[in-house]
Each structure stands twice: as C-alpha cells, then as structure tokens.
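Read the structure below first, then the notes.
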Amino acid sequence: MNEIITGIDIGTSKVCTIIGQCDKNGELRIIGIGMYPCNGMRKGVVVDIETTAFSIKKSVEQAERMANQKVTSVYIKIPGGLTEIYRNRGLVAVTRDDKEITTQDVERVLQAAKIMALPSDKQIIELIPIEYIVDGYGEIKDPVGMAGIRLEVDAAIVTGSLTAVQNMEKCVKKAGYTMSGIIVEPLATAEAIMTKDEKELGAALIDIGAGVTDIAVFKSGNLIYTGMIPVGGNHITNDLSIGLKISFEEAEIIKKKYGSVVKVEDDETVKIANIANHSSQDTKLNDIIDIIEARTSEILTMVYEEMKDSNVIDQISTNIVITGGGISFIKGSLDLAESILGKNVRLGLPNAIGVSTPVYSTAVGIVKYVFANRKYLYKKQAEVPKEKDKKKSGVLSKIKDWFNDFWI
C-alpha cells in the first residue's frame, strides 16, 4: 500500500498536519509534519473560513515539503464535545444457502444499525460495534465465518453537528483539498496514546487544548462518553495578561518560560518586558505561579465535576491520560491533576519519532486510526453512490434489499 494518509488537527491556536505512509513491511511511518498558527476556530467550531483555510494550506504545505509528497485528500477530526453517543441495534437475515456469515452480512447489519431518527441538525459520524449477536448468542467480536440464520449488532452511534462538519469541510475545500473522512477526536487520539488495556478496563482521556478541553471515557474497549468544557490553555495566558498588565503575546511567552504550579522556596524577581509600552517591570516568580496554579486547578476541577455529574468517574479503573498543549508542559500539573481527580494520571505522548509531544497527539492519532481501520474506511468511500448510480436503483432492487435485511 503506497497510498499516503494525511491527518489534520484543526485547533483553536494551530493546525497540525501529519502525513503517514505504509512501508514495505506493512508498518505505518510518519513521513511529514506541519504546523501553522490558526485564529479561525473558537471552542471547536469554525468562526472564520478564510483564516482557517489559509492555516490548513500552510500546515499541509510544510508537511508536503518534508514528505516530498503531494497531498490531495485529507482526514480531519471533530471534537468529542460536539458529538453525542446513542445505542442502537441492527438486524439482518443471513442469505447464503450454507448460512455462513460473510463480510457482506456484517456490512448490511451495520447499515441496518444506522437506521434511526436523527434531528435535522445532526449526522452520523461513526458507528462503533459493541457486540455481534448470532441467533441470540452475544459477546461476539467478529462473526465472519460463523454459521447462523440471524445476525444482530449492538452498536454505539456517534452523531455530530451537521453545520460544524459542513463548515470544516468548506475550510478544507477552500484550502484546495478534498475531505476523505471525519474522525471522532477521542477515537483518534486514543489510537495514538492509550493502551488496549486502558481502554478495556476503563480509562479517561483528557485533551486540554488552547480553547477547549475534551473529555472522553473508554470502557470494555469502547468509547462510552464524550464531553467538553469551554476552557483551555489560552485562559491561563489571558489570566497572566490581565494580572501582570501585559500583552497576550508576552503572557504566552511568560507562561511557557515559567509555567509551573509548584511554588519555589527562594522566590526570585522576574523582569517582564511590556512590549506595548516599551518598558519592563519586576514581578515575583511565585506571583506568576499563583496565577497559573489558580486557573489550572479550575480547569481540572471542572473536568472532575463534568465526569462526576455524568456518572462516569467510577468507570475509570486504570488511568486518566492527559494530553494536548494546554497544561501538559506546566511543571507539577500531573501531580496537581492526581490530587484533584483522585485517580492515577499520566501524560499521553505519541510513540513516533519527531512527534513525541502532546501537541501532535490528535493529528498522529487520526493517521493511526485511519491506518488501523483502512479496509473499512476505504470501503465506505468506495461505496458512496454516485448520482447516476442512484438513478439506476429500481423498485425491484429496493424490494429485494428489504426482504434480505428484514425478512427473518
């Protein structure tokens, strides 16, 4: 497989692009990395198509130069907080004479599970099979090759905002690329930084970005909850800007240079330049730490309250994995998170050369998720009917399909 996979993480402060390619041994290699500032997104949704499209193009161009590959189509993510999870069942009859279940039967039952009433402003983003049931016997992960008369699937249906998806697609198209698919952010990020045991036994993924914090909980290998709180690393920067009476840009520099939630015993004086007034001021380091610690504690407390109110905090048996560029670089933030969340906390990093930083977790995850599910995802693209093909499907064909799917 020589086809490249391009994943784009469109965030509040930046656009990250990762290009992956399958090598001759069938392994995924990261061959291109790009990052460019972005000011066209707020709280996970597009607020400026032109600005976002420009950032996408610049980010992809960086990755293209590194990979020496031309990108035409891309995969993007939708924040977990903009999605909802529903449970639904699909049911079909096995049509072969020998009653052996084939991949076509699995595809039909998954399509049957998608039949559900949705609000006009929602669309199905992803379908996650929880278990297959053959003639009443459940807990089956892969029914292909088994014998049966009736095949059912219990599935989680992930739906997302139709307008949010359409606006992101407009940005991608305006940047000059086609959108191959949209991946639910926590599913992608988990692919890059969480272990199979964590997702099986029960774990949470907290992705703290610049503008929002995404929360996801996994149990029995499945995504069972997504949520979002509208605060992130930029709020820490804003607090420093107001508290120290400096520009946002200078506050960001101060945050990255002195970022910590642990007070120092020998408090030192820090000289801070005020770019706007062409002057400088002296500030105690512990005063800076106090501001950072207050907002970081608030973000983590809001995460805890969100999971507690949603009754998922007790589903976490292993770790809470924190990633994203919001607080991960702040000294002492993981220890603070453990004390507030009451669970084991670890930092989530992609295990790949050149991108082993939380900033790239989602973009790397998109590529890894597509690679891991490429047969299914590529098949979905190939099966999207063209307009002229739709016209060819007659009444007899529809009746035949109906009998195959529902006549048990």
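Laboratory data are not the source of any read-out in this text; all were calculated from the coordinates shown. Please read all numbers here as calculations on a predicted model, not as lab measurements. Cβ placement follows ideal geometry from the backbone for every residue including glycine, while neighbour counts extend to all protein chains displayed.
A simple rule links phi to the HN-Hα coupling: the Karplus curve 6.51 cos²θ - 1.76 cosθ + 1.60 with θ = phi - 60°, which for region 4-15 gives 8, 10, 10, x, 10, 9, 8, x, 5, 10, 7, 10 Hz, with x for Gly and Pro. When only the Cβ of Lys, Arg, Asp and Glu is charged (+1, +1, -1, -1), the dipole of the chain relative to its Cα centre reaches about 1660 debye.
Between residue 247 and residues 5 or more places away or on another chain, which pairs have amide H atoms under 5 Å apart, with H built 1.01 Å from N, and which residues are they? When sequence neighbours closer than 5 places are left aside, the close amide H contacts are 275, 276. Pairwise alpha-carbon distances in region 7-52 exceed 12 Å for 63% of all pairs.
In loop segments of region 140-234 as defined by DSSP, there are no GluC sites (Glu not before Pro) with at most 14 further C-beta atoms inside 10 Å of their C-beta. Our summary of shape: the Cα atoms of region 281-347 have principal axis extents of 48, 22, 19 Å, ordered from largest down, in whole angstrom. The length gained by stretching the chain between residue 65 and residue 173 to full extension, at 0.36 nm per residue less their Cα-Cα distance, is 36.9 nm. Dividing the Cα radius of gyration of region 36-120 by 2.2 N^0.38 Å, with N the residue count, gives 1.75. Highest mobility in the GNM of the chain, judged by mean-square fluctuation with C-alpha springs under 10 Å and restricted to 283, 159, 178, is found for 283. Restricted to Cα atoms, the chain shows a radius of gyration and a Dmax of 23.7, 84 angstrom. A dipole drawn for the chain from +1 and -1 charges on Cβ atoms has a positive end, and of 367, 243, 93 the residue lying farthest that way is 93.
The angle between the Cα long axis of helix 103-113 and the longest principal axis of the Cα atoms of the chain comes to about 70 degrees, rounded to the nearest 10.
For residue 260, the residues 5 or more places off, or on other chains, whose built amide H falls under 5 Å of its own are 331. Using a simple spin-label model with pseudo-atoms 7 Å out from Cα toward Cβ, residue 309 and residue 22 lie 4.4 nm apart.
Treating only the Cβ of Lys, Arg, Asp and Glu as charged (+1, +1, -1, -1), what charge dipole size does region 226-347 show about its Cα centre? Round to the nearest 20 debye. Write down the numbers at each step before the final one.
Numbers: 12 positive and 19 negative charges, 63 e Å.
Computed charge dipole of region 226-347: roughly 300 debye.
The label-point distance for residue 302 and residue 144, in a model that sets each label 7 Å from Cα toward Cβ, rounds to 4.4 nm. For the chain, modelled as a GNM whose springs connect Cα atoms under 10 angstrom apart, the maximal fluctuation among 308, 43, 77 occurs at 308.
Give a residue-ordered list of calculated ³J(HN,Hα) values for region 320-326 (Karplus: 6.51 cos²θ - 1.76 cosθ + 1.60, θ = phi - 60°; whole Hz; x for Gly, Pro). Values, residue by residue: 9, 9, 9, 9, x, x, x Hz.
Please give the FRET efficiency for residue 163 paired with residue 267, using the beta carbon to beta carbon distance and R0 = 51 Å, rounded to the nearest 0.05. Each step should come with its number before you reach the end.
Working: r = 50 Å, r/R0 = 0.98.
So the FRET efficiency works out to roughly 0.55.
When the chain is treated as a Gaussian network with alpha carbon springs shorter than 10 Å, the biggest mean-square fluctuation among 282, 335, 207 belongs to 282.
With the convex hull of its Cα atoms as the shape, region 226-347 has an orientation-averaged projected area of 7.8 nm². What does the C-alpha gyration tensor say about the overall shape of region 145-210? Classify as rounded when a/c is under 1.5, otherwise prolate if a/b is larger than b/c, or oblate. Verdict is oblate for region 145-210. Based on DSSP H segments of at least four residues, each scored -39500 (n - 2.57), the chain has a per-residue ellipticity at 222 nm of -11500 deg cm²/dmol. Remark on residue 41: its backbone amide H falls under 5 Å from those of 47, a criterion applied only to residues 5 or more positions apart or on other chains, H modelled at 1.01 Å from N.
What is the angle, in °, between the Cα long axis of helix 49-67 and the longest principal axis of the Cα atoms in the chain? Nearest 10 is fine, range 0 to 90. The helix 49-67 is inclined about 80 degrees to the chain.
On full extension of the chain, what length is gained from residue 115 through residue 286, given 0.36 nm per residue of separation minus the C-alpha to C-alpha distance? Mind showing how you got there, number by number?
Details: separation 171, 0.36 × 171 = 61.56 nm, distance 5.73 nm.
Fully extending the segment from residue 115 to residue 286 adds 55.8 nm.
Label separation (residue 154 vs residue 100): 2.9 nm, computed from points 7 Å beyond Cα along the C-beta direction.
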